[in-house]
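The values are calculated or read from the model by the stated rules, or taken from the named source; none is laboratory data. If you're wondering where the values come from, they're calculated on a predicted model, not measured in any experiment. Here the Cβ is made from the backbone with ideal geometry for all residues, glycine too, and neighbour counts use every protein chain on show. These area figures cover heavy atoms from the full protein model, side chains too; ligands, DNA and RNA do not enter into them. Shrake-Rupley method; radii C 1.70, N 1.55, O 1.52, S 1.80 Å.
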Amino acid sequence: MGSNRRQFLRIAGVTTLLGLGGGITLSASSYQPEEHSAREKEARLHAGRWGMVIDTRKFQTEEDFHRVIEACHSIHNVPRDEAKAKQEIKWIWADHFEHVFPGKENPFLAERVEQNEFLLLCNHCKNPPCVRVCPTQATYKREDGIVQMDFHRCIGCRYCMAGCPFGSRSFNFCDPGPYVKDKNPDFPVRMRGVVEKCLFCYERLEEGKQPACVEASNGGLIFGDLDDPDSHIRQVLREKYTIRRKVDLGTEPSVFYIV
Amino acid sequence: MLEKALDGSKTYWAWIIFLLAVMGVGSIFYIIQLQKGLMVTGMSRDVSWGFYIAQFTYFVGVAASAVMLVLPLYLHNQKEFKKMVILGEFMAVAAVVICMGFIVVDLGQPQRMLNVMLYPTPNSMLFYDMIVLTGYLLLNIVIAWNNLHAEWQRRPHPRWLQPLIYLSIVWAVSIHTVTAFLIQGLPGRHLWLTAIMASRFLASAFCSGPAILIILALIAKKFTRFDPGREAIRILSQIVTYAMIANVFLFLCELFTAYYSNIPGHEHILTYFFLGLHGKGALVGWAWVMAGAGILSLVILIPSRFRNNQDLLLAGLVLLILATWIDKGLLLIVGGFIPNPMGAITQYAPTGYEIMISAMIYATGLLILTILWKVAIGVKKEIGEA
Ligand code: SF4
Ligand code: SF4
C-alpha cells in the first residue's frame, strides 16, 4: 500500500498542478489510509494473496446472513434505498444456489442446498477482468491480491460492471449520502457516479483486524493468506472440499465455498 | 470557405434553429441528469449500459459512410464517387462527434473524463477506442477539409494528403474492430463473447453507414439540387446490399451456433429477444420488427430491378436502417446484460431523459453535418460541379 499511496499522492499532485483536481485531492486524503506509527505498522496484516472460505453450513437462519451483511454495510456506509431496488448498492448479499452457481444446479439438488441461500461478494479474482477493462486504473489489484478501487479516479464508465462476470459491482446512480444511516466517519461516503464493491476491508487489515464480515460470522467465514501453506485458510482448504464460482471463466476467484 | 455556412435560404435557417432548439431542450434534461446522476435513466445494477452506449455503438458504424466511398475511389479508381466522397467524409465527422457525445453523457463523472488520458491504460479497450475514434475524427476533418479547399482554389489535391487517405481506410476498419473488441472479450457475457463480433460490426457498419448517407444525400439533392450522381448512388447501394447480406448471414450464424449447440447460456438471450424468457420479453416486438425489416430490405435490395428504382431503393434503405438500428442500437448492448451474471432477468427500457438527451446529441450531430455539407455543396456549386 505504501507505494500505492505514494503514487496516489504523486498523481494527486500532478492533477492539482494541472488545476484539475484541487477539490478532489482534499477530499481524497480523508479516506486514503493515513500513514501509521511504527507500532501500528507492525499490527498491519500482510498476505501474498488474501482469500476467503465461506462455510455455507454455518449460514442457516436469516439472522446468520443478516448479521454478516449488516456488519459490512454499516461500517462501509453502504446506502439503503428500498424504493430503487434495481439501482441498489450491495457489497455482500445472499442468493439461491442456482443463482450463485449457475450451471452447477441440477433438478435433484439436495434439499439443504436447494432451500438455503449462499453469500455473494467480490471474489477478488487473481485474473480480474474488471481490472483488465478499467480505462483509468481506478480499479486495480494490490500486491496482496485485493482488488482495490480509487473512488476519486473512477469516471463512472461502468466498463468494470460489464467486465465482472459475477455481478459484484454496484454503481452510485445517485448521491448515496442521504441514504446512509448512521454514517461511519472513518470510512468515506462515496459520491454519485462512481462504482463500488467489497474491498476485503483493506482499512481494517491495516489496523490488524479481520474483515468485518469475518468477525461477525461466528466462524462461518475464514479469511487468510492463500499463498501461505501454513495459514489456517490453507489448512481448511486442504481438509474440506470447496467450490468456487464460474471457474471456467479463468478469473481465479479467491473466495471458496464449503457446500 | 466556412462563410458559405452563413449564406442560406429561409428553410436552411429554420432547420438550423430547429436543431438548436432541440439541443437547447435536451441540454435542460442533461443538466438535470448531471445534478441527479444517472438515476434518471432506466439503467440498473444489472443492465448497467443502455440506450446511450447502444447509440454510441451504432454511430461508430455510421461513421463507415466515408470508407465505403474512399476505398473504391482511391484504391479502385471508382471515379463516380469523386463528387460524393466529401459528403461521406463529413458525415463520418458528424457520426464520430455523436459517438463521443454518447460516451460523455453515459459517464457517471464526466468532469473526470481526462483521467483516461492522464492514466493511459493499454490493457483497456476503452483506451484504444478513444485513440481510434479521435484519430478517425481528425483524419476525416483534415482530409475532407484540405481536399475541399484545394477544389475551391481549383488546384490539385495536396500530395501529402495521399498517405493520410490510405491511412484513413485502415483506420476505418480499426474503429469498428476496436469497438467490437470493447464487448467481444468480456468473460461471461454470452451474447458478446463471439469471435465473429468484429466481423458483424464491420458488416453492419458497411451497410448502415452508406445507407444513411444515400438517404441524406438524396434529401440534400432535393433542397440544394446538388446531384451526387446516379452512378454513385447505384454502386453505393450495391455495396450496401452485399454488406447487408453478410450482416444477416453472420446473425444467422449466431442463431445456428446457439440453438444447435443447445448451450443454455448462448440460447437464453436470443430466446429472450424473440420469444421472451421466464415470462419476460420487453424486446420481443422490436426483435421481430428487426427480423421483418431486415428480410424485407433484402427482398427489395437484392434484385437490381427493384434497387435501381429510386422509390423502392429508398424503402429498402429505410427498412435496412431500421433493422440494423434495432440490432445494434437497441438489442446488442442491452442483451449483453440479460440474463444477469446470476441468471436472473432484469429488463431495461430507456426513460424520457435518455430519449431527450439522445435527441440533443443527435441534433448536435445533424447540426455539424448540415453546416459541413452546406459548405461542401456551396464550394461544389461555385466551381461548377453541381
Ligand atoms: S468478482 Fe468481479 S469485481 Fe471482484 S475481482 Fe472478480 S471480476 Fe473484479
Ligand atoms: S466505472 Fe470506474 S472503476 Fe469501473 S471501469 Fe470505469 S473508471 Fe474503472
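Quick one: of B:K82/B:K374; A:K84/A:K141; B:K10/B:K222; A:K197/B:K280; A:K58/A:K246; B:K83/B:K374, which pairs are farther than 26 Å apart, Cα to Cα? From B:K82/B:K374; A:K84/A:K141; B:K10/B:K222; A:K197/B:K280; A:K58/A:K246; B:K83/B:K374, over 26 Å: A:K84/A:K141; A:K197/B:K280.
If you find the alpha carbon centre of segment A:40-75 and of segment B:309-380, how far apart are they in angstrom? Answer, in whole Å: 46. Computed from backbone phi with θ = phi - 60° and the Karplus coefficients 6.51, -1.76 and 1.60, the 3J(HN,Hα) list for segment A:63-73 is 4, 4, 6, 4, 4, 5, 5, 4, 4, 6, 5 Hz; x is used for glycine and proline. When the surface is traced with a 1.4 Å probe over the full set of protein chains, B:H76 keeps roughly 120 Å² accessible. Segment B:281-297 and segment B:119-184 have Cα centres spaced 33 Å apart. Under 5 Å between amide hydrogens, built in the peptide plane, is the criterion, and for A:F256 it picks out A:M52, A:V53, A:I54 among residues at least 5 positions away or on other chains.
Contact-buried residues of segment B:25-68, at a threshold of 30 Å² lost accessible area versus the chain by itself: B:L38, B:M39, B:M43, B:S44, B:R45, B:S48, B:W49 (1.4 Å probe; DNA, RNA and ligands ignored).
Placing dummy labels 7 Å off each Cα toward the beta-carbon, the span from A:E207 to B:I141 is 5.2 nm. Let's test the formula: R0 of 35 Å, r as the Cβ-Cβ distance of B:L114 and A:D81. What FRET efficiency results, to the nearest 0.05? For R0 = 35 Å, the calculated efficiency reads 0.70. Build a GNM of chain B with springs between Cα atoms under 10 Å apart, and of B:I141, B:I233, B:I31 the one that fluctuates most is B:I31.
Placing unit charges on the Cβ atoms of the charged side chains and taking the dipole of the protein assembly as shown about its Cα centre, the candidate lying farthest along the positive direction among B:H176, B:F306, B:F223 is B:F223.
The charge dipole of segment B:198-311, taken about the Cα centre with unit charges on the Cβ atoms of Lys, Arg (+1) and Asp, Glu (-1), comes to about 420 debye, rounded to the nearest 20.
Given an 8 Å cut-off on Cα distances and at least 6 residues of separation, report the relative contact order of segment B:1-141 as a percent. Once normalised by length, the contact order is 22 percent.
Take the accessible area of chain A alone and of chain B alone, subtract that of the pair, and you get about 3800 Å² summed over both chains, using a 1.4 Å probe. Stokes-Einstein diffusion coefficient for segment A:135-259 at 20 °C in a medium of 1.002 mPa s, Rh from the Kirkwood formula over Cα pairs: what value in µm²/s? D = 129 µm²/s. Computed from the Cβ-Cβ distance with R0 of 56 Å, the FRET efficiency linking B:W288 to B:E3 stands at 0.70. In this structure, B:R155 and B:N308 have a Cβ-Cβ separation that, at R0 = 35 Å, corresponds to a calculated FRET efficiency of about 0.45. Shown for segment A:155-180: residues covered by the partner protein chains by 40 Å² or more of accessible area relative to the chain by itself (probe radius 1.4 Å), namely A:I155, A:C157, A:R158, A:Y159, A:M161, A:A162, A:F173. Need one word for segment B:281-386: rounded, prolate or oblate. Basis is the Cα gyration tensor (sqrt eigenvalues a ≥ b ≥ c); a/c below 1.5 gives rounded, then a/b vs b/c decides. Note, shape of segment B:281-386 comes out oblate.
Couplings 3J(HN,Hα) for segment B:299-316, derived from phi with the Karplus relation 6.51 cos²θ - 1.76 cosθ + 1.60 (θ = phi - 60°), are 4, 7, 7, 5, x, 5, 4, 6, 4, 7, 8, 4, 5, 5, 4, 4, 4, x Hz, where x marks Gly and Pro. For chain B, the spread of Cα coordinates along the three principal axes comes to 64, 51, 41 Å, biggest extent given first. Each part reduced to its alpha carbon centroid, segment B:216-231 and segment A:224-250 end up 68 Å apart. Here the spin labels are modelled as points 7 Å beyond Cα on the Cα-Cβ line, and at A:S74 and B:I383 they lie 7.6 nm apart. Rounded, prolate or oblate: which one fits segment B:142-194, using the alpha carbon gyration tensor with axes a ≥ b ≥ c (rounded when a/c is under 1.5, else prolate when a/b beats b/c, else oblate)? Because a/c hits 1.5 or more and a/b exceeds b/c, segment B:142-194 counts as prolate.
Only one residue of A:G220, A:C198, A:Y179 has its Cα farthest out toward the positive end of the dipole of segment A:141-259, where Lys and Arg carry +1 and Asp and Glu -1 on Cβ, and that residue is A:Y179.
Around the Cα centre of the protein assembly as shown, unit charges on the Cβ atoms of Lys, Arg, Asp and Glu (plus for the first two, minus for the last two) sum to a dipole of about 2040 debye. For segment B:19-157, the spread of Cα positions along the three principal axes, ordered from largest to smallest, is 53, 41, 25 Å.
Comparing B:W13, B:W171, B:W152 in a Gaussian network model of chain B, where Cα atoms under 10 Å apart are tied by springs, the biggest mean-square fluctuation is seen for B:W13. What percentage of the solvent-accessible surface of the protein assembly as shown, computed with a 1.4 Å probe over protein heavy atoms, is contributed by carbon and sulfur atoms? So the carbon and sulfur contribution to the accessible surface is 62 percent.
Surface exposure of the protein assembly as shown, expressed per residue as accessible area with a 1.4 Å probe, stands at 42 Å². A quarter of the convex hull surface defined by the alpha-carbon atoms of the protein assembly as shown gives 31.3 nm² as the mean projection. For A:E105, the accessible area of its heavy atoms, probed at 1.4 Å with every protein chain present, is near 80 square angstrom. Have a look at B:V132, B:V25, B:V62 and tell me which one the Gaussian network model of chain B (Cα, springs below 10 Å) gives the largest fluctuation. So, out of B:V132, B:V25, B:V62, the one fluctuating most is B:V25.
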